[in-house]
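Heads up: the structure comes next, in structure tokens.
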Amino acid sequence: MDKNAWKERLLSIYQIVSSDKTKKGARITYGVAWNILLVFLIVIVLGTAFAGGVGAGYFASLVKDEPLRSYDSMQKDIYNYEETSEVYFANNVYLGKLRSDIDREEVKLEDVSDYLKNALIATEDEYFWEHPGVVPKAILRALYQEFSNSALQSGGSTLTQQLIKNQILTNQVSFDRKAKEILLALRLEKFFTKEQILEAYLNVSPFGRNSSGRNIAGVQTAAKGIFGVDAADLSLPQAAFIAGLPQSPFAYTPFTQDGTVKSAEGLAPGIERMKTVLTRMYEEEFISKEAYDQAIQYDITQDFIPPEPSPVEEYPWLTFEVEKRATQILMESIAKEDGLTMEDLAADNDLYNEYYELAYKNLRQNGYTIHTTIDKEIYDKMQEVTRNFPYYGNDKAEKDPDTGEVVMEQVETGAVLIENSTGKIISFVGGRDHSREQTNHATDATRQNGSTMKPLLVYAPAFELGTLQPASIIPDVKLVLDDGTGKPYEPKNYSKGYNGLTTARYALTKSFNIPAVKAYVDILQYRPADYLKKMGFTSLSEGDYYNIAMALGGMTYGVTVEENVNAYATFANEGKFVDAYMIEKIVNKDGETIYKHESNPVDVFSQQTAYLTIDMMRDVISQGTAAGLPGRLSFTSDWAGKTGTSQNTNDSWFVATNPNVTFGVWIGYDTPKTLEPSYKSLSPGVRNIYLWADLMNATYEINPDLVAPKEKFEMPGGIVQRSYCTVSGMLPSELCADSGLVATDIFNAKYVPTEADNSLIEGRYVTIGDKRYLALENTPEEFTQEGLLLSPEFIEKMGGKNLSDPKQLIPQGDKWSKILVPDDVIEENGKVPAAFTISSSGQTLTWKAHGENDVIGYRVYQKTGESTSAVIGNVIAGKDLSFQVGNGQFYVTAVDIAGQESMPSNVIQVGQVPDSLNGGDTETTTPPGDNQDPGNGNGNGKGKGKGNGDTPGDGDEETSSEG
């Protein structure tokens, strides 16, 4: 088409448009369109207003039951999050965290890396610093979802809303919860600054698992648990990785439940999420392009830390013990706030359990810092020595009563080291292998304490009551008592023998059982078990107060190693009991000390009693049942201690104390069984002493000043040294001194002996067979012997008729060999002994013992004429009697203790005799009694048999034994 044609067409169009008809039509169309638009706008406005009203009304209906929360209420809720309690060794050495459902450690906002703060804001809430708690478009989206009936979503929440959801509401997906979340978020922003809200969010959000597989919350716990650094020291890639975790903590966490790193496939979602975070940080201009490029290429897997054992895994006995004691402390505190005492709780099991659970929950959630008394180096070394000790003994089979399965039980051990003056438990050994047996053998297991009971229950109380002193004499002889139920109780020494008269000191040194029981019976009326209660024994039964076997450790339930050792520290503390403890203090997460241990010493014994007991127990180590200890120790100290073996050798103990510390060790099977009498040529007692020494040597290497103080136990005033007679414990008499039976010991000045010894007498005695009796005034001297005797009064005091054999009173030893024990006094029966018959064999006259029990000897006569005779010998009474003679005629008479003589026996002729004596008659005849003149001659016959006229029998059947 040419140019002219275009012009013509345009002119034609103009003429049509500019015509009146066209203009009129245009005006009508515009009017209609405008009216339609106005109607449409009106409809939109009215619809919007209606929808807004409906939405507002619906929103109001959702939150109508939500209370109007105050600042204090919201502050409590926002900051009320669980925080794991931490434990420290002594000297502020970190141990670790206690068990909890989730590990969490609080951190201040200023101690969090800017990388991490910016990463969380860029990823979770880009408008955090501007919005009032919610983002309006999120509200509109929620309304749209409701009215359009589209799928409900929960995304788009601000950090403030997420904090509300975690701390006040729940994770439930509903408009009811969402509406309340919005309302509370708006209110929270009015009360708190953005910094406070961000800090709270950083501490409450979950972050999956740490390298040990435990659940974690809070950025500080995440930083340390995933990368091993504080939240303040996170690098950009590390911060981005952590910031990505809250969206799906367990999907993105790099660790499995057992603490291993996930596979490459399992790690991929978390790494992709980290890259998303970095991208958003770059887009929001929190990081530069260069920083972004470096971080996006970084291999974050190289920063994951290896698993770290929890305190429960590394220090199981210690962790559980601290947890138990801390719970009890908190329980007592909570009960006190409610006006209750521990006695109230103990009287009601349900109430006790309620407060225990409450305290336990507080311990696990409230982020306490618990400081203990345990020295880490010493504790670690003791566990090592315990694991490697080679002399426990062989395992023994034990049948499970429930399953019938036979298992092998190993010898277990428990040990406790206590600082005397404070009661601090410096270290302990709970057992050999916690994975095999979880019982804490130091603090929880109760066992019979054997002879370690003797100083605690017998000797120290007896010293305190004044019934004994170290030099007091106690008879170690057969003893049969009523056990309180009408049944006989006969204590036995370990050796099964008897040791005669012994001092309390020596009886303890050698651990003789019978003297301990005898001394205990003498004070039983004073309830000596009360002393045990004062010294912290918690498992005493009412029967223990009256049971005679308690003297030897025969308790109803037994005692723990801790309690036994703690009681021994009383002696080192001059008679004051200082209760042992393991928790030094507990600090809450605000830094306030809510508990601090305070010692409250209890007066138990006087200083004098404590020192006397200490001094006696020194002898146990220097020359008694623990005499092997000094040679095993690598250092010296002023140790005083006691060994102990329970019935059937089920338990072996050794407890010793010095001026600084008290240490005790126990060994035995969990199910009581006899320890091997000999293992690697060592008895159970020696094996236990070796373990004690090895543990002490190891402790000495770490802290010599603690276990080897230069000081010795100091003798208090009121202690004096005196000589005494070792027969009676009284002041030495001349007879005692002449016999070499005087010794020296220390006494409480209040109870020194004041009377001279009256146990020894010089006197005549007669022997009948193997028994000795005191002579009467008219007993013929030729049948008596002079000697040093125990007086009948003293024998009566030592047991008298209850003694099955009084000769048991005499110990073995050269000095004691001079002392004789007369049997029961024999009295003259009032009758003249009857005549009896003798016989001969060759030149030996023989006859049987006279039937009268008061006959003490026999006179042998030889006829010197038809009516005269002479005594040629005396024979002491015995069972089988004989006398050697030459040629002649002989007869014998019996003499009783009063000197009365029987009629002559028949006459025996030996060999040829002159006719002047027998008138040629060689037959045996019996001379008439009225022609006899026995006389009182003291012949020198050569009698054989039990008696011979000048040599008495010994009769000393005593044997010594070691307890």
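Any read-out appearing in this document is the output of simple, stated calculations on the displayed coordinates, not a laboratory observation. Quantities reported herein were computed from a predicted structural model and do not represent experimental measurements. For neighbour counting, all protein chains shown are included, and Cβ atoms are generated from backbone atoms with ideal geometry for every residue, glycine included.
Before moving on, here are some points about what is shown:
- Lys/Arg +1, Asp/Glu -1 at C-beta; the stretch 195-337 dipole; positive extreme among G228, F250, A240: F250
- Taking max minus min of the alpha-carbon positions on each principal axis, the stretch 100-303 gives extents of 48, 39, 34 Å, largest first.
- For the stretch 292-419, the Cβ-based charge dipole about the Cα centre amounts to some 260 debye (Lys, Arg positive; Asp, Glu negative; other atoms uncharged).
- The stretch 706-718 - phi-based ³J(HN,Hα) in whole Hz, Karplus 6.51/-1.76/1.60, Gly and Pro as x: 6, 9, 9, x, 6, 6, 10, 4, 9, 6, x, x, x
- The value of relative contact order for the stretch 760-820, using C-alpha pairs under 8 Å at least six residues apart, is 33 percent.
- Take the Cα radius of gyration of the stretch 347-431 and divide it by 2.2 N^0.38 Å, N being the number of residues; the result is 1.62.
- Order of M730, M617 - criterion: other Cβ atoms within 10 Å of each residue's Cβ, fewest first: M730, M617
- Quotient of Cα Rg and 2.2 N^0.38 Å for the stretch 300-449, N being how many residues it contains: 1.31
- Extension gain from K289 to Y79, taking 0.36 nm per residue of separation minus the Cα-Cα distance: 71.9 nm
- Approximate spin-label separation Y526-L358, in nm, with each point projected 7 Å along Cα-to-Cβ: 4.5 nm
- FRET efficiency for the D111 to F635 pair, using the beta carbon distance and R₀ = 41 Å, is estimated at 0.30.
- Annotation: amide H-H contacts under 5 Å for N650 (H modelled 1.01 Å from N, sequence separation of 5 or more, or interchain): L675.
- Put a plus charge on the Cβ of each Lys and Arg, a minus charge on the Cβ of each Asp and Glu, and nothing anywhere else: the dipole of the stretch 100-303 about its Cα centre is then about 780 debye.
- The residues T452, T864, when put in order of fewest to most other Cβ atoms within 10 Å, stand as T864, T452.
- Counted over all Cα-Cα pairs of the stretch 760-820, pairs farther apart than 19 Å make up 33 percent.
- Remark on the stretch 419-707: hydrodynamic radius 19.4 angstrom, per the Kirkwood mean of 1/r across alpha carbon pairs.
- For the set K487/K518; K108/K589; K576/K710; K534/K576, the pairs lying more than 19 angstrom apart at their alpha carbons are K576/K710.
- For the stretch 583-706, Kirkwood radius (reciprocal of mean inverse C-alpha pair distance, Å): 16.9 Å
- Along the stretch 453-470 the Karplus relation, 6.51 cos²θ - 1.76 cosθ + 1.60 evaluated at θ = phi - 60°, assigns HN-Hα couplings of 6, 4, x, 6, 9, 10, 6, 5, x, 5, 4, 5, 7, x, 7, 9, 9, x Hz to successive residues, with x for each Gly and Pro.
- Computed from the Cα positions only, the extents of the stretch 214-358 along the three principal axes stand at 70, 31, 24 Å, in decreasing order.
- The dipole here belongs to the stretch 685-733: it is taken about the Cα centre, uses +1 on the Cβ of Lys and Arg and -1 on the Cβ of Asp and Glu, and is about 280 debye.
- Leading residue at positive end of dipole, the stretch 760-820 (Cβ point charges), from T779, L820, P806: P806
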